[in-house]
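These notes are about the structure you will find just below.
The values are calculated or read from the model by the stated rules, or taken from the named source; none is laboratory data. Quick caveat, the model's predicted, so the values are computed rather than measured. Note: ideal-geometry Cβ built from the backbone for every residue, glycine included; neighbour counts use all protein chains shown.
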Amino acid sequence: MATNIELFERAQRVIPGGVNSPVRAFRAVGGTPRFIARGEGAYIYDAEGRRYVDYIGSWGPMILGHGHPAVVEAVQQAVRDGLSFGAPTEREIELAEAILALVPSMDQVRLVSSGTEATMSAIRLARGATGRTKFIKFEGCYHGHTDALLVKAGSGLATFGHPTSSGVPPETAQHTLVLEYNNVEQLEACFAAQGPELACVIVEPIAGNMNFVRASLPFMRRLRELCSQHGALLIFDEVMTGFRVGLTSAQGHYASLLPGFEPDISVFGKVIGGGMPLAAFGGKREVMKHLAPLGGVYQAGTLSGNPVATACGLATLREISRPGFFDALSAKTRQLVDGLKAVASDNGVPFSADCQGGMFGFFLLPELPQNYGTVMSTDKERFNRFFHGMLDAGIYLAPALYEAGFVSAAHSEADLAATLAAARSALR
Ligand SMILES: Cc1ncc(COP(=O)(O)O)c(C=O)c1O
């Protein structure tokens, strides 16, 4: 049996950094990534046979836990019928219908293979539909690794962003405006200066890429108003929050607090694929008519709407639509978060935490942060010690302080109790 260390050394010889997506490399926390051999329910098992309670859940998709029988059955059946056709199938219609039934802000949806592809296409669609070029994104929100989205704030308000990745030409970033999350004044000033030129604003409604930071209600309300006033489209990136924070996603949550609230374009991924490569973007017919083959905004994909991925997504949506599913998941997640807060308080550790549905975040900070700058003021050394303490105790948390966590339907009372017991030692 190969050890994690041996596998990591072997991987680094043939794969840059030994991983196929950077955060898996444990660079932020140090140490050796665990090579996962299999998953079952709430657990994953590494190459050395060690079991972990999994709070990453493939970064969100595994809302039912690993190997849910109904999902496995649906996938096995789909595989027998064929892996890919590059031609339309009835299952794509079924999945589109299932998604639209739960997302009233959308009349139509286009299926793609990754969240990156979906957000990239959504921005192209917004630009094509409005005939405008510039757009706003917020610091700390991640929308995939498209050139124009790998951008950090410029030196002042209403200046253009700078690429955060080498290989991105500055010209590519010159139409991207980066503002602080939850900062209403900056938003107003930016719209006042650039409003008529803005194609869209893209936002994570509950940001899961700076741990877990909610858009405040005043911020969300103003964002909607300003977009409508200036004819810019509001894009909700629900790749992470979609069907994860609730059956109606984050937009349903905000609509329950701000009556009538709707984004113009929504992007989904993760849960709608149930662990297979699948994502989607959609909106009202008026907007979607601009997409090829109806309109002039080109977008395509060899594996888009893949028959196995759609079977996996459909089976997953069916399970999470069962009555009471989200009530149970939310209660469990809340129990975890409240338990962690109590343990931290007993140990005198500054700690704050929040959750919605099956998504949660915690901070080694006395109060919940409102933006990226505050998230990153966390004591990193302390976070890393906590992370490794938990990992050694068989609790698999995200290996970076700016990532959200995920609870699945498969997590049991015993798993939560084991997690809190481990936290009690790790925070001591
Ligand atoms: C909010 C959000 N948008 C987009 C993406 C990109 O999705 P993918 O990794 O499937 O390309 C992610 C990935 O984590 C995400 O969290």
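Scan region 263-273 and tell me whether some residue there is farther than 24 Å from Val71 by Cβ and in a loop (DSSP other than H, G, I, E, B). Give the derivation first.
In the first step, residues of region 263-273 are kept if they are farther than 24 Å from Val71 by Cβ; the result is 263-265.
Then keep just the ones that are in a loop (DSSP other than H, G, I, E, B); that gives 263-264.
Yes, some residue in region 263-273 is farther than 24 Å from Val71 by Cβ and in a loop (DSSP other than H, G, I, E, B).
Can you give me the number of residues within region 188-230 that are in contact with a Gly (Cβ under 8 Å, 6 or more places away or on another chain), part of a loop (DSSP other than H, G, I, E, B) and farther than 17 Å from Gly144 by Cβ?
Qualifying residue count for the region: 2.
Would you point out the residue of region 397-428, among those that are part of a helix (DSSP H, G or I) and among the charged types (D, E, K, R), that is farthest from Gly357 (Cα to Cα)? Show your work before the answer.
Filtering region 397-428 for residues part of a helix (DSSP H, G or I) gives 413-426.
Remaining after also requiring among the charged types (D, E, K, R): 413, 415, 424.
Details: Glu413: 17, Asp415: 18, Arg424: 24 Å.
Here the answer is Arg424.
Hey, can you tell me all the residues within region 67-111 that are in contact with a strand residue (DSSP E or B) (Cβ under 8 Å, 6 or more places away or on another chain) and part of a helix (DSSP H, G or I)?
Correct list: Val71, Val75, Glu92, Leu95, Ala96, Ile99, Leu100.
Could you go through region 149-170 and let me know if any residue there is part of a loop (DSSP other than H, G, I, E, B), away from the ligand (no atom under 16 Å from the Cβ), under 24 Å from the mean Cα position of the chain (by Cα) and not hydrophobic (A, V, I, L, M, F, W, C).
The answer is yes, given that some residue of region 149-170 is part of a loop (DSSP other than H, G, I, E, B), away from the ligand (no atom under 16 Å from the Cβ), under 24 Å from the mean Cα position of the chain (by Cα) and not hydrophobic (A, V, I, L, M, F, W, C).
List, please: which pairs have Cβ atoms under 7 Å, are six or more places apart or on different chains, and start with a residue in region 223-240 that is on the phi > 0 side of the Ramachandran plot and end with one that is more than 16 Å from the ligand (Cβ to nearest atom) and among the hydroxyl-bearing types (Ser, Thr, Tyr)?
Filtered contacts from region 223-240: Gly231/Thr130.
Looking at Ala37, Ala47, can you tell me which residue is away from the ligand (no atom under 16 Å from the Cβ), in contact (Cβ under 8 Å) with a residue 24 or more places away in the chain, in the same structural domain as Ile15 (by TED's automatic domain parsing) and not β-branched (Val, Ile, Thr)? So that I can check it myself, show each step before the final result.
Numbers: Ala37 fails: in contact (Cβ under 8 Å) with a residue 24 or more places away in the chain.
Sole residue among the options that is away from the ligand (no atom under 16 Å from the Cβ), in contact (Cβ under 8 Å) with a residue 24 or more places away in the chain, in the same structural domain as Ile15 (by TED's automatic domain parsing) and not β-branched (Val, Ile, Thr): Ala47.
Those residues that are under 19 Å from Gln12 (Cβ atoms) and basic (Lys, Arg), I need them from region 22-68; list them, please.
Of everything in region 22-68, those that are under 19 Å from Gln12 (Cβ atoms) and basic (Lys, Arg) turn out to be Arg24, Arg27, Arg34.
Could you tell me whether any residue of region 126-136 is part of a helix (DSSP H, G or I), surrounded by fewer than 17 Cβ atoms within 10 Å (Cβ to Cβ) and within 16 Å of the ligand (Cβ to nearest atom)? Break it down into steps so the answer makes sense when it comes.
Here is the first cut: in region 126-136, the residues part of a helix (DSSP H, G or I) are 126-130.
Now narrow it down to the ones that are surrounded by fewer than 17 Cβ atoms within 10 Å (Cβ to Cβ): none.
Within region 126-136, not a single residue is part of a helix (DSSP H, G or I), surrounded by fewer than 17 Cβ atoms within 10 Å (Cβ to Cβ) and within 16 Å of the ligand (Cβ to nearest atom).
Answer with yes or no whether Met276 is surrounded by fewer than 22 Cβ atoms within 10 Å (Cβ to Cβ) and touching a Cys at 6+ places or on another chain (Cβ under 6 Å). Walk me through it before giving the result.
On the way: surrounded by fewer than 22 Cβ atoms within 10 Å (Cβ to Cβ): yes; touching a Cys at 6+ places or on another chain (Cβ under 6 Å): yes.
Yes; evaluated as a whole, the condition is true for this residue.
Could you tell me whether region 58-81 includes any residue that is free of Cβ contacts under 8 Å to residues at least 24 places away in the same chain, assigned by TED's automatic domain parsing to the domain that holds Phe406 and touching a Lys or Arg at 6+ places or on another chain (Cβ under 7 Å)?
Among the residues of region 58-81, not one is free of Cβ contacts under 8 Å to residues at least 24 places away in the same chain, assigned by TED's automatic domain parsing to the domain that holds Phe406 and touching a Lys or Arg at 6+ places or on another chain (Cβ under 7 Å), which makes the answer no.
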